[in-house]
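Please read the structure below before turning to the comments.
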Amino acid sequence: MNTSATFALRGRTLAFRDDPFRVPPDQTIATEEDGAVVIAAGRIVEVGPAAEVLARHPGVAVEAYDGGLIMAGFVDSHAHYPQMEIIGSYGEQLLEWLEKYTFPTETKYADYQYARAGAEAYLDGCLSNGITSACVFAATYPGSVDALFEAALARGMRIATGKNMMDRHAPAALCDTAASGYDQSKALIEAWHGRGRLVYAVTPRFAITSTPEQLEAAGALWREHPTTLMQTHMSENLAEIAWVRELYPDAPDYLGVYESFGLIGEGTNFGHCIHLTEREIARLTESGSAVSHCPTSNAFIGSGLFDMKGLRDCAAPIRVGLATDIGGGSSLSMFDTMKAAYEVAQLRGYSLHPVKAFWLATLGSAGALRMDDRIGNLAAGYEADVVVLDLESTPLIRRRMRTVETLSDALFVQMILADDRAVRATYVAGEKLYDRDQASAER
């Protein structure tokens with residue numbers, strides 16, 4: 001990839017100056033009606049008014065996006081790339097979903113070529129939806145991790161992933177052991193972690209599919225490699241929580257299981273977290289752990305309603321990222337995901353401000369992955385992962401935008417009405433990897 005050339009993007013810009021859950025949302029965004037973003041060596045050099053910025057970079061090549069909104073690429077904090085092919089499968093809740101759809105599909109990923117094709121399709125789907133970074137579950141097989149990392153490395157993407165560690169309550173073909181899960185994960189860390197923009201995530205699937213011995217091994221692995229992430233699932237479904245209670249009767253609650261094996265703290269990313277106890281909420285906050293809100297999945301599989309106000313818009317907030325959770329999640333679109341997050345919040349009597357939603361889908365998710373100093377914002381020094389949005393991508397949106405008065409209003413229209421057609425271009429480390437017009441012509 002050639003990311004050495006200096007160039008500029010020109011159009012309306014959107015960046016964050018602060019956390020909109022701490023400061024009035026409209027005060028946290030910085031925008032220029034006619035802005036410029038200078039990019040060199042895969043990083044953002046400068047953002048500001050086009051006339052001033054371009055005058056400081058005479059002769060720089062400019063890609064102009066009239067009517068476009070230039071912002072940081074979306075960050076998906078929780079997804080399962082092998083499950084992309086089962087999106088929209090009918091009629092089950094979590095535990096039945098795993099047995100009927102997920103496990104049979106993931107066994108196919110023992111075949112490296114099959115896994116590589118799935119990885120290519122998944123990452124291309126991300127880029128066409130403006131997702132430039134993601135934290136992803138692979139399958140149990142090390143080759144499924146190799147396939148995703150190889151495809152991500154070729155695109156220059158910042159992707160975190162890891163092999164599922166699970167040694168019980170799953171088909172034999174998908175199970176490892178405490179020892180083999182540790183050994184295979186360690187070998188993958190040594191092979192991939194820190195290459196390009198790749199990050200390894202220690203990945204015990206969830207407490208039900210890991211014995212205490214395996215969770216102990218996962219905790220040891222994470223302590224030995226503290227710059228890796230740790231991802232798993234927690235408190236998604238009431239039947240799941242009851243089963244965890246049976247399997248770990250001495251634990252005070254679901255989080256207490258992970259806590260006893262050293263699997264909480266900075267760098268942990270717990271998917272779902274819908275049905276939390278007061279103790280769990282307090283410990284998540286105190287430990288600096290993060291949770292991923294998966295609204296389309298939680299609705300589609302019938303798991304419950306995430307408490308955004310109680311966990312994030314409160315006196316002692318937890319780090320929260322926004323996630324598609326493909327394929328229990330029903331869309332790769334961050335617009336669909338933000339819309340679902342808004343609707344879930346409404347059902348709990350809380351209105352999720354559009355600036356907060358866009359922050360969750362960028363800097364919030366980056367913070368959940370311990371990467372908010374590198375990705376998730378359109379600011380000097382950040383990695384040049386950028387998406388250009390068309391704010392009038394459909395006739396309905398074009399008509400609706402006639403009545404919009406503020407940028408916040410415009411963002412809300414996008415999160416409710418837009419889809420992948422709103423993504424004009426996606427840049428990864430300064431290289432354009434998706435162009436809507438070119439993609440349309442090829443179709």
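Could you say whether any residue in the range 203-211 is modelled with pLDDT of 95 or more, more than 26 Å from Val75 (Cβ to Cβ), surrounded by 22 or more Cβ atoms within 10 Å (Cβ to Cβ) and of a type in the set (D, E, K, R)? Within the range 203-211 (the criterion being modelled with pLDDT of 95 or more, more than 26 Å from Val75 (Cβ to Cβ), surrounded by 22 or more Cβ atoms within 10 Å (Cβ to Cβ) and of a type in the set (D, E, K, R)), the answer is no, since none of the residues qualifies. If you filter the range 1-21 down to residues that are in a loop (DSSP other than H, G, I, E, B) and β-branched (Val, Ile, Thr), you find that the one that is most open to solvent (accessible area, probe 1.4 Å) is Thr6. Within the range 22-49, if we keep just the residues that are outside any strand (DSSP E or B) and open to solvent by 20 Å² or more (accessible area, probe 1.4 Å), the residue that is farthest from Asp313 (Cα to Cα) turns out to be Ala41. When Gly130, Gly68, Gly125 are checked against the criterion of being surrounded by 16 or more Cβ atoms within 10 Å (Cβ to Cβ) and touching a Ser or Thr at 6+ places or on another chain (Cβ under 6 Å), Gly130 stands alone in meeting it.
Being of a type in the set (Gly, Ala, Ser), out of contact with any His (no Cβ under 8 Å at 6 or more places or on another chain) and under 28 Å from Leu360 (Cβ atoms) is the requirement here; does Gly194 meet it? So Gly194 passes the test. Number of residues in the range 85-99 that are under 12 Å from Ala170 (Cα atoms) and surrounded by 15 or more Cβ atoms within 10 Å (Cβ to Cβ): the value is 2.
Taking the conditions (1) among the aliphatic types (A, V, I, L, M); (2) part of a helix (DSSP H, G or I); (3) open to solvent by less than 10 Å² (accessible area, probe 1.4 Å); (4) over 19 Å from Leu411 (Cα atoms) in turn, Ile281 satisfies each one other than (3). Scanning the range 100-122 for residues that are open to solvent by 30 Å² or more (accessible area, probe 1.4 Å), part of a helix (DSSP H, G or I) and not small (Gly, Ala, Ser) yields Lys100, Tyr101, Pro104, Thr107, Lys108, Tyr112, Gln113, Tyr114, Arg116, Glu120. Residues to consider are Ala187, Ala139, Ala147, Ala173; find the one that is in a helix (DSSP H, G or I) and open to solvent by less than 10 Å² (accessible area, probe 1.4 Å). When all the criteria are applied, what remains is Ala147.
Considering the range 392-420, the residues that are in contact (Cβ under 8 Å) with a residue 12 or more places away in the chain and over 16 Å from Lys339 (Cα atoms) include one that is surrounded by the most Cβ atoms within 10 Å (Cβ to Cβ), namely Ser393. Selection of the range 289-307 for residues being open to solvent by less than 10 Å² (accessible area, probe 1.4 Å) and either closer than 22 Å to Asp19 by Cβ or without any contact (Cβ under 8 Å) to a residue 12 or more places away in the chain (or both) yields Ser289, Ala290, Val291, Ser292, His293, Cys294, Pro295, Phe306.
In the range 324-376, the residue that is least open to solvent (accessible area, probe 1.4 Å) out of those that are closer than 27 Å to Ala41 by Cβ and over 14 Å from the mean Cα position of the chain (by Cα) is Arg374. Scanning the range 308-323 for residues that are open to solvent by less than 10 Å² (accessible area, probe 1.4 Å), assigned to a loop (DSSP other than H, G, I, E, B) and among the small types (Gly, Ala, Ser) turns up just one, Ala323.
State whether one or more residues within the range 215-222 are in contact (Cβ under 8 Å) with a residue 24 or more places away in the chain and either within 24 Å of Pro104 (Cβ to Cβ) or part of a loop (DSSP other than H, G, I, E, B) (or both). For the range 215-222, residues in contact (Cβ under 8 Å) with a residue 24 or more places away in the chain and either within 24 Å of Pro104 (Cβ to Cβ) or part of a loop (DSSP other than H, G, I, E, B) (or both): absent.
The values are calculated or read from the model by the stated rules, or taken from the named source; none is laboratory data. Quick caveat: nothing in here was measured; it's all calculated off a predicted structure. Neighbour counts are summed over all protein chains in view; Cβ atoms, including those assigned to glycine, are modelled from backbone coordinates with ideal geometry. Surface accessibility is based on the protein's heavy atoms, side chains included, excluding ligands, DNA and RNA. Shrake-Rupley method; radii C 1.70, N 1.55, O 1.52, S 1.80 Å.
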